[in-house]
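What follows is calculated from the coordinates using simple rules that are stated; it is not laboratory data. The model shown is predicted, which means the values in this text are computed figures rather than measured ones. Note that we place each Cβ from the backbone using ideal geometry, even for glycine, and neighbour counts take in every protein chain shown.
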Amino acid sequence: MLKTKSRMLLSKADIIAQLQKSILPLQGFKYSAQNTSVGLGLIEKAFPNYSFPLGAIHEFICADTESAAATDGFIAGVLSSLMHKSGVSLWISSSQKIFAPSLKCFGIQPDKIIFVNVQNQKDVLWCVEEALKCEGIAAVIGEMNDLNFTVSRRFQLAVEQSRVTGFIIRNNPRQLNTTASIARWQITSLSSISHDDMPGISFPRWNVELLKVRNGKPGSWEIEWSGRKFIHITHIVPLPREQQRKTG
């Protein structure tokens, strides 16, 4: 009896998985048999087929300057994997805040990022859409305030043809409206922890929230960028050496 129920449950899970595979291509999202991991580990299990969506639009919500900086760092970590495989990336904004040489910390050569600085948000939207149509680019990052469904749908249609991955950073958006993005993220900074008791700033840490994901499972994770890769943080805070001697 138990074996029969187990088989029925597995059958339902298989049916649901198959339906997800069938629905996503109809929505314009296609899986690639290769290169679908960007080193995010457990986070990638939140996506259908446990694969980071490439050739899709990812939306990032930034409430302030601090979260915008954290978002830039997280995206740079993802780009490190994408650009290691092929191509260059475009970073489009009306006010560049990225210090290009700092990208080396994420394993990215600054000359592999083409920074496009324009005068206003209207120009940003136009440049992003045109860039997303260009095959051979690893990714396009666009910084803007607001994004409506119509524009996001045009972005999505563009990447369906080019297979370029788009990262849209929304700085201080007026409202969290519905968009055609495959996923909506929010990245915030966490306090870094020294691993060797040395003074100064240690490796960057972030709280990564996947607020919405099409046919996936939203969640929250704490990660660190160390050794040019993402590392998931355990919630056990190491004791100072003095306390370790006392408890040992």
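Please report Rg (one decimal) and Dmax (integer) in Å for the Cα set of the stretch 87-170.
12.5, 36
Kindly put 91, 126, 221 in sequence by how many other C-beta atoms sit within 10 Å of each C-beta, fewest to most. The partial results should precede the final answer.
Numbers: 91 25, 126 12, 221 17.
Going from least to most buried by this count: 126, 221, 91.
With both partners inside the stretch 43-247, how many of the DSSP beta bridges are antiparallel, as a percent to the nearest 5? Show your work: numbers first, answer last.
Working: 18 of 42 bridges.
In the stretch 43-247, DSSP labels about 45 percent of beta bridges as antiparallel.
Please report how many Lys pairs in the stretch 43-247 have alpha carbons closer than 20 angstrom, counting only residues at least 8 apart along the chain or sitting on separate chains.
Summing the qualifying lysine pairs gives 14.
In what sequence do 170, 153 fall when counting other Cβ within 10 Å, fewest first? Each step should come with its number before you reach the end.
Working: 170 23, 153 15.
So the ranking, lowest neighbour count to highest, is 153, 170.
Let me know the charge dipole size of the stretch 43-247 about its Cα centre in debye, to the nearest 20, where only the beta-carbon of Lys, Arg (+1) and Asp, Glu (-1) is charged.
Around 420 debye, computed over the stretch 43-247.
Would you work out the relative contact order for the stretch 127-206, in percent, from Cα pairs under 8 angstrom that are 6 or more residues apart?
29
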